[in-house]
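Below is one structure; the comments refer to it alone.
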Amino acid sequence: YESNKKVEEYPAPPSSDNWMGTDDRGRDVLSRLLYGLRYSISYSICVWIISYIMGTIIGGIQGYAGGWVDLFGQRITEILSTVPTLFLLIILIAVFEPSLTLLIVITSLLGWIGISMYMRAEFLKNRNREYVEAARAIGASHTRIFFKHILPNSLAPIITFSPFVIAGGISSLAALDYLGFGLTPPTPSWGEMLAQAQKNFTIGWWLALYPSLALFSILTMFNFVGEAIRDAMDPHKR
């Protein structure tokens with residue numbers, strides 16, 4: 001009888017002890033939201049750093065070298081861009097045991113394509129500028145020209161798209177967790193909390209409300225930051 005009584009007590013509504021209520025196992029929703037935010041930010045930041053480093057180097061090499069290197073590299077990039085990233089990610093996660101590290105590695109290996117195209121265009125545009133010709137004239141090496149002269153003047157796409165990529169990483173992890181292909185329980189994640197809310201929506205409205213508000217707020221914040229950066233770097237508005 002006592003065991004059945006405990007099951008009936010959860011999920012519990014918001015109270016003075018649990019400001020956002022508890023889930024079906026009696027765990028505090030606010031605490032799980034905060035821990036889930038840590039995993040979401042860690043995942044999206046790591047994916048952003050790794051994929052942007054890969055995309056910058058690959059796209060930069062294509063744009064700087066030109067010729068057959070650019071032609072061959074661009075054909076490979078175009079082929080990879082047609083791969084359905086989310087479906088492939090789900091398949092790989094279903095084969096291997098999911099973990100935060102595995103999710104970061106797989107997503108990064110598939111997430112560099114977009115920024116590489118922008119960086120290729122920037123390097124194609126800047127490789128024949130006067131300061132690059134001057135660096136070649138004084139005998140600067142290709143590595144120095146690449147990293148010292150062209151790369152600092154080609155950072156506009158990285159700065160502009162970074163907030164949107166981080167926001168996309170947060171929503172991607174939430175989607176994978178919601179579908180059951182993300183972090184393994186009992187790891188707190190916003191997607192898993194939304195999946196739990198779907199099962200208990202009639203008796204626990206707070207399980208859907210607070211994770212949805214948290215996801216909406218963080219995505220809106222990063223999108224506002226991205227819009228502000230894009231407007232600040234727009235030469236027409238300056």
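The values are calculated or read from the model by the stated rules, or taken from the named source; none is laboratory data. A quick note: this is a predicted structure, and the numbers were derived from the prediction, not measured. Cβ coordinates were reconstructed from backbone atoms using ideal geometry, including for glycine residues, and neighbour counts include every protein chain displayed. Accessible surface areas use protein heavy atoms only, side chains included; no ligands, DNA or RNA. Shrake-Rupley method; radii C 1.70, N 1.55, O 1.52, S 1.80 Å.
Specify the residue that is surrounded by the fewest Cβ atoms within 10 Å (Cβ to Cβ); the eligible residues are those in region 18-38 that are out of contact with any Pro (no Cβ under 7 Å at 6 or more places or on another chain) and under 22 Å from G168 (Cβ atoms).
Looking at residues that are out of contact with any Pro (no Cβ under 7 Å at 6 or more places or on another chain) and under 22 Å from G168 (Cβ atoms), I get R38.
Within region 139-160, which residues are of a type in the set (S, T, Y) and closer than 17 Å to W112 by Cβ?
Of everything in region 139-160, those that are of a type in the set (S, T, Y) and closer than 17 Å to W112 by Cβ turn out to be S154, T160.
Go through the residues of region 150-159 one by one and say whether even a single one is part of a helix (DSSP H, G or I) and loosely packed, with under 13 Cβ neighbours inside 10 Å.
yes
Is there any pair with a first residue in region 64-77 that is within 19 Å of W112 (Cα to Cα) and a second that is open to solvent by 20 Å² or more (accessible area, probe 1.4 Å) and basic (K, R) whose Cβ atoms are under 6 Å apart and which are 6 or more apart or on different chains, and what are they?
Y64/R127
Taking the criterion of being of a type in the set (S, T, Y), under 21 Å from N153 (Cβ atoms) and surrounded by fewer than 17 Cβ atoms within 10 Å (Cβ to Cβ), would at least one residue in region 118-129 satisfy it?
Scanning region 118-129, I find no residue that is of a type in the set (S, T, Y), under 21 Å from N153 (Cβ atoms) and surrounded by fewer than 17 Cβ atoms within 10 Å (Cβ to Cβ), so the answer is no.
Being in contact (Cβ under 8 Å) with a residue 12 or more places away in the chain and touching a helix residue (DSSP H, G or I) at 6+ places or on another chain (Cβ under 8 Å) narrows it down to one residue among R144, R120, R136; which is it?
Just one listed residue meets the conditions, R120.
Is it the case that some residue within region 167-185 is loosely packed, with under 14 Cβ neighbours inside 10 Å, without any contact (Cβ under 8 Å) to a residue 12 or more places away in the chain and farther than 22 Å from L86 by Cβ?
Checking region 167-185: not a single residue is loosely packed, with under 14 Cβ neighbours inside 10 Å, without any contact (Cβ under 8 Å) to a residue 12 or more places away in the chain and farther than 22 Å from L86 by Cβ.
Residues A195, A135, A175: which one is in a helix (DSSP H, G or I), of a type in the set (G, A, S) and touching a Phe, Trp or Tyr at 6+ places or on another chain (Cβ under 7 Å)?
Just one listed residue meets the conditions, A195.
List, please: which pairs have Cβ atoms under 6 Å, are six or more places apart or on different chains, and start with a residue in region 7-27 that is at positive phi and end with one that is assigned to a loop (DSSP other than H, G, I, E, B)?
Taking only residues 6 or more apart or on different chains, the pairs are G21/A12; G21/P13; G21/P14; G26/Y10.
Search region 97-115 for residues that are open to solvent by 40 Å² or more (accessible area, probe 1.4 Å) and at pLDDT below 90 and pair each with any residue that is part of a helix (DSSP H, G or I) and not small (G, A, S) when their beta-carbon atoms are under 6 Å apart and the residues are at least 6 apart or on different chains.
Listed by first residue and then by second, the contacts come to L110/T85.
Looking at (1) under 18 Å from M54 (Cα atoms); (2) modelled with pLDDT under 90, can you tell me which one M119 breaks?
(2)
Would you confirm whether any residue within region 59-71 is in contact with an Asp or Glu (Cβ under 6 Å, 6 or more places away or on another chain) and either open to solvent by 70 Å² or more (accessible area, probe 1.4 Å) or over 20 Å from I218 (Cα atoms) (or both)?
Taking every residue of region 59-71 in turn, at least one turns out to be in contact with an Asp or Glu (Cβ under 6 Å, 6 or more places away or on another chain) and either open to solvent by 70 Å² or more (accessible area, probe 1.4 Å) or over 20 Å from I218 (Cα atoms) (or both).
Among the residues of region 42-58 satisfying the criterion of being of a type in the set (V, I, T) and open to solvent by less than 50 Å² (accessible area, probe 1.4 Å), which is farthest from the chain's Cα centre (by Cα)?
Restricting to residues being of a type in the set (V, I, T) and open to solvent by less than 50 Å² (accessible area, probe 1.4 Å), the top hit is T56.
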